[in-house]
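Before any comments, here is the structure.
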Amino acid sequence: MRALSPTHLKLGQRIKELRRGLDITQEELAFKVEIDRSYMGFLERGERNPTLSTLVRLARALRVSLRELVE
C-alpha cells in the first residue's frame, strides 16, 4: 500500500520522529492512543487518514500540541 498523499506521508514521518524522541515503540504509542498497533504503522507510513480525535490523542500521547504535531 502507498501513502495517500505527500501530506499524509509527512504527518506519518512527524509521528515517527516524535515517538522516537520519546524512545517508545509503535505498540506503546498505540496503547496510549487506544488504537491498534498495526493502525499506528499505517499512520506512520501515511497509508491511513486519521480522524481529528485520533490526532488529538496522538498529540497528547506525544506531549505536543496538535499544531506542533501537524506542522
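Ligands, DNA and RNA aside, ARG37 has an accessible area near 110 Å² when probed at 1.4 Å. Per residue, the average separation of C-alpha pairs within less than 8 Å and at least 6 apart gives the chain a relative contact order of 41 percent. Heavy-atom accessible surface of the chain, averaged per residue, reaches 67 Å², computed with a 1.4 Å probe. The computed Cα extents along the principal axes in Å for the structure shown corresponds, within [x] 26, 24, 22; [y] 43, 23, 17; [z] 33, 24, 17, to [x]. Positive end of the dipole of the chain (Cβ unit charges, origin at the Cα centre): among ASN49, GLY21, SER5, the Cα lying farthest that way belongs to SER5.
The values are calculated or read from the model by the stated rules, or taken from the named source; none is laboratory data. Bear in mind that the values here come from a model prediction, so they are computed numbers and not experimental data. With ideal geometry, Cβ positions are generated from the backbone for all residues, glycine too; neighbour counts draw on all protein chains shown. These accessible areas exclude ligands, DNA and RNA; they are computed on the full protein's heavy atoms, side chains included. Shrake-Rupley method; radii C 1.70, N 1.55, O 1.52, S 1.80 Å.
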